[in-house]
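Reading through the structure tokens given below for one structure.
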Amino acid sequence: AVLVCLNAVGHVAIRGNFYAHKEIDSAGRLKALWPLHPDRVRPYRNENKNIIYEYTPASGPVEKFVADQIHHVRGPSSNGLTGDSLLWYMAESLGVSLAAQEFGSRFFANDATPSGVLYSDKKFSDAAYQRLKADLENRSGSTQAHRHMILEEGLKWQAMGINARDAQLLELGGFTVREIARFFRIPLHMLQETEKVTSWGTGIESMGIGFVVYTLMPWLTRIEQASERDLLTPTERKRHYVKFVVKGLLRGDAQVRGAF
């Protein structure tokens, strides 16, 4: 049950849908749930308006299931049939983050020291040019940083500095964390980003309670409702219900508990 729940949260939060094939025993009782990768499932309505789930396994023929055979947890939906993928909405933010990571890797892989120009009033000989070129190529990379350079033919070095802050790598990294956290409604202190948030006293405890109420509960409610619909029979729904127990996460802060 825990494994299925973790799969459900991960798939719904990122891809918008969680699918699991229901295994039924000979007595008609639910025996197991087998998660299906959401990228391999295509729900659609047939000519009778019934929902059909078309599953394409990694190997083997395509399988089709009716709605009663599938446990389906939807995220926020624009069509009522499938949940919308947060990755699709986050594409631009993720693209900026990936571009920044690639730039940062190249920035530091090439020593991350200020670039500059070599200039001279004299004309270079071919031999001096080849020696200088080979020397510069051997100095690329962070392991070669700050080694002395021998200049000949009257060469002079003029630095043209740029550092990581000027390149806005630090600011962009912080912005990306906040932007992605905003999509998932995750408090920044839970991502070790405490520069602009309260992180002392009762403030952090209140934020933890807010995380349960405003972030977890919408997802948990979706799973609860889908589980009652798909996993309980009409008779069972009269006597049983699905509910996540989050009392341990909703305990008041030290001052509130002390007053109580």
Other residues with Cβ under 11 Å from the Cβ of PRO38 give, with Lys and Arg +1 and Asp and Glu -1, a net charge of +3
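If R₀ is 25 angstrom, what is the calculated FRET efficiency for the pair LYS64 and LEU232, using the beta carbon separation as r and rounding to 0.05? Could the numbers behind the result be given before it?
Working: r = 24 Å, r/R0 = 0.97.
FRET efficiency, LYS64 to LEU232: 0.55.
Summing Lys, Arg as +1 and Asp, Glu as -1, what charge do residues with Cβ under 15 Å from the Cβ of GLU228 carry, GLU228 excluded?
On the way: positive: LYS22, ARG74, ARG222, ARG229, ARG237, LYS238, ARG239, LYS243; negative: ASP68, GLU224, ASP230, GLU236.
Net charge in that neighbourhood comes out at +4.
Before I look further, what does region 1-81 give for accessible area per residue, probe 1.4 Å, in whole square angstrom? Numbers along the way, then the final one.
Values: 4850 Å² over 81 residues.
Result: 60 Å² of accessible area for each residue.
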Theoretical gain in end-to-end length, LYS133 to GLN225 [0.36 nm per residue, Cα-Cα removed]:
26.3 nm
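Leaving ligands, DNA and RNA out of it, report the carbon-plus-sulfur percent of the accessible area of region 35-95 at a 1.4 Å probe.
Values: 1870 of 3710 Å².
Carbon and sulfur atoms account for 50 percent of the accessible area of region 35-95.
Which entries of LYS31/LYS243; LYS22/LYS64; LYS49/LYS238 have Cα-Cα distances beyond 24 Å here? Mind dumping the intermediate values first?
Details: LYS31/LYS243 20 Å; LYS22/LYS64 13 Å; LYS49/LYS238 28 Å.
Over 24 Å Cα-Cα: LYS49/LYS238.
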Karplus-derived HN-Hα couplings along region 16-28 (A = 6.51, B = -1.76, C = 1.60, θ = phi - 60°), whole Hz, x at Gly and Pro
x, 8, 10, 10, 9, 7, 8, 8, 10, 7, 5, 8, x
GLU54 and VAL242 label points (each 7 Å along its Cα→Cβ direction) are spaced in nm at 2.7
Mind giving me the FRET efficiency for ARG178 and HIS37? R0 is 30 Å, r the Cβ-Cβ distance, nearest 0.05 is fine.
0.50
Label point distance in nm, ASN46-ASN79, each placed 7 Å from Cα along Cα→Cβ
1.9
How do 54-62, 184-192 rank on mean C-beta neighbours within 10 Å, highest first?
184-192, 54-62
Counting Lys and Arg as +1 and Asp and Glu as -1, what is the net charge of the other residues whose Cβ lies under 13 Å from the Cβ of ILE14?
-1
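The values are calculated or read from the model by the stated rules, or taken from the named source; none is laboratory data. Note that this is a predicted model, so its numbers are computed, not measured. Reconstructed Cβ throughout: ideal geometry from the backbone, glycine too, with neighbour counts over all protein chains shown. When the accessible area is computed, the model is the full protein with side chains, heavy atoms only, and any ligands, DNA or RNA have been set aside. Shrake-Rupley method; radii C 1.70, N 1.55, O 1.52, S 1.80 Å.
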